[in-house]
Structures are given as structure tokens and as C-alpha cells.
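The values are calculated or read from the model by the stated rules, or taken from the named source; none is laboratory data. Just so you know, these numbers come straight off a predicted model, no measurement behind them. Cβ placement follows ideal geometry from the backbone for every residue including glycine, while neighbour counts extend to all protein chains displayed. All accessible areas refer to the heavy atoms of the entire protein, side chains included, with ligands and DNA or RNA removed. Shrake-Rupley method; radii C 1.70, N 1.55, O 1.52, S 1.80 Å.
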Amino acid sequence: MANILVIADIKDGVLKGSTAELLSKAKQLGAKTAVVAIGSNIESLTSELAAVGSDTQYMADDPSLALFSAGPYAACVVEAAKAFDATMIWFGFSETGKTVAPRVAAQLNAACATEITDVTLDGEQIQVVRPAIAGKVIQRIKVNTQILVAVVRAGAFEATAGLTGTENAVKLAIPAADLRAVIKEILSDASGDIDLADADIVISVGRGAKDQAGIDLVKGLANDLGAGFGSSRAMVDSGLMAHNKQVGQTGKIVAPSLYMAMGISGAIQHLAGMTGAKTILAVNKDPEAPIFNVADYGIVGDLFEVVPILQEEIKKIRG
């Protein structure tokens, strides 16, 4: 039987949904499950961590861990992995996960796979599935080490309703500070916009918006829906949108319930960041735009005409 250790994704003291998704998949594989939670003042999350499917909760709770630092965080994960005798260690798709996973793999002499979309077990043989070359091919990889460290692509797994675990908290030793790299401050996005990784609806804008007026128009629709507001790389390169809004291979990977692409042609690099969405709506003047090949719903038209119509329909529904 596999022992799967999931790294809890905690932001501002709140447990994110990706943790339940990973634990649900681990349970589906018939594995023994544990979770490691790292931060400050997070002891109150123990019950919630059990409720989403973990049977053991390794807690590293200390003021020194309030700000993310790769060295100490990796040390906590390694300690938990050894205590649990983990055969797989799963991180959610985040900047912290992508930073810590290679360190953990190196310290445990384990294989490391990123952006995985599926995991299967054939006896004790672990296999992972992951996209490569901007999603043009799908790799199926056999893991030939005793331990796998993996970063799971956003939206790859779904949380199982009604799943429960057992509350069994274990305190981890607090690691020494990393004197080679001292984190003094973490600056959040000052715009106040919804984080694209957390948004249930994401609306992205592309070249079809033309200028700031077009961006503001689409941003109004995003505000109406309480959606995250993203962008294609073209708008970032033109200086009209910030890089932290970019969706795509070199930007954010998102997997919302609804993704709306406004004036985006659908270059392969952009598709690599959003095809995990459950439903995709595309608006583009060009009926041959590649975005329509992946869209569930498509509107051929000028976004300057379509967006006001959508806003009016939203008002009618809510009215």
C-alpha cells in the first residue's frame, strides 16, 4: 500500500481547495494519507485537515514559519516524509510547491515530477501522466525510485464530497532558519484583484481589446461576475497588463469552473495555461481562431459588442 503525504496549501491562514483535491485522489488510489501543514497560528486547521481526508496531520506551527522560506519548509516536509514512511509526496501547483519540491526530492534521493495530471499504481509501480512541449504531447512516465515527489497541475484532481479522515496531530520540530537566504517581507498584489489561482471564474483579455478602453470594458465584466482578471502574453508584452495577470505556459496555470477568453486567438502557449478549465467560453472576431477548437461555447463577434450584451444579460438574471 502506498503512503501519500500531501503538502497543505495554506494562504493567509485559510486552507485552499487543492489540498482536498489531492487527498481525494490519494484515497481513490487506496493509499494511507497524511498531510503536512506549515505556517504560524495554524493549529486550528487540524480538524479541517482531517475532515478533507487526512488520517495524520504533521503540524509545523511557529512564528518563524509565518513567511515562506524554501529551506525551512523543505526541512519540515522531509521530516514528515520520513516519519510517515511516505512513498509519494504531493505538492499543489503553486510557487511554493514548485520551489520546495526539488529540494525535498534531492534530500530524499527521490524522483521529482512536475505538472502531473494523473497518477496510477500497478502493484508497487508508480506511473505519472504529464503534458510536455506546451501540451502538444502527453507523457506517461514510470517511476523507478522508491519515492516520488510530485507537483500536481491545477485542477487535475477533483475533491470527493463527504470524504473524511482521522484527527491525529503530530508536532514537527521547528527547523533552523536559512541564513543563506533571509525572507524579510512578502509583498502581495496591491490591486486588490482576485488571485487567478483561487478564482472560480477567470476572464482573460487579449489583442482583441486593442487598448486600455477595451481592457476596462472586459474588466467591468469580470467585476460583475466576481471573476479573476487575466491576460494573454501579447497584452503583457505590450505593457497594457501586468505579468502576474498572464495566463499561459510562461504565466499562471488556471483551472476554474468557467474560463472566458475575450479577444484571445488561442496560441498554444496560452492554451497550456487554461485548458484545465471545466467550461470555456471564447469570444473572437475570427471564426478560424484556434481558441474555438478548445472552447465549449464560442461567440464569433467583436468583444466591444458582445461584452455589453453579456453584462445586460447578467443584470437580467440577477434582477
Checklist outcome for this item: Of L49, L22, the only residue that is hydrophobic (A, V, I, L, M, F, W, C), at pLDDT 95 or above and closer than 26 Å to D122 by Cβ is L22
Item to check | Total residues in the range 32-44, condition open to solvent by less than 10 Å² (accessible area, probe 1.4 Å) and out of contact with any helix residue (DSSP H, G or I) (no Cβ under 8 Å at 6 or more places or on another chain) | outcome: 1
Checklist outcome for this item: Within the range 1-18, residues under 15 Å from L65 (Cβ atoms), at pLDDT 90 or above and either of a type in the set (A, V, I, L, M) or open to solvent by 50 Å² or more (accessible area, probe 1.4 Å) (or both) come out as I7, A8, I10
Item to check | Single unsatisfied condition, D85 versus (1) among the acidic types (D, E); (2) under 22 Å from A154 (Cα atoms); (3) modelled with pLDDT of 95 or more | outcome: (2)
Checklist entry - When you scan the range 131-172, how many residues do you find that are in contact with a Ser or Thr (Cβ under 9 Å, 6 or more places away or on another chain), open to solvent by less than 30 Å² (accessible area, probe 1.4 Å), at pLDDT 95 or above and of a type outside the set (V, I, T)? => result 2
Next on the checklist: Among the residues in the range 220-234, are any open to solvent by less than 50 Å² (accessible area, probe 1.4 Å), among the polar types (S, T, N, Q), free of Cβ contacts under 8 Å to residues at least 60 places away in the same chain and closer than 20 Å to L310 by Cβ?
Outcome noted: yes
Checklist entry - N244 versus (1) without any contact (Cβ under 8 Å) to a residue 60 or more places away in the chain; (2) in a helix (DSSP H, G or I); (3) farther than 23 Å from A132 by Cα: which is the lone unmet condition? => result (3)
Checklist outcome for this item: If we take the range 56-121, then strands (runs of 3 or more DSSP E) inside it with 1 or more residues that are surrounded by 19 or more Cβ atoms within 10 Å (Cβ to Cβ) and of a type in the set (F, W, Y) are 57-61, 88-91
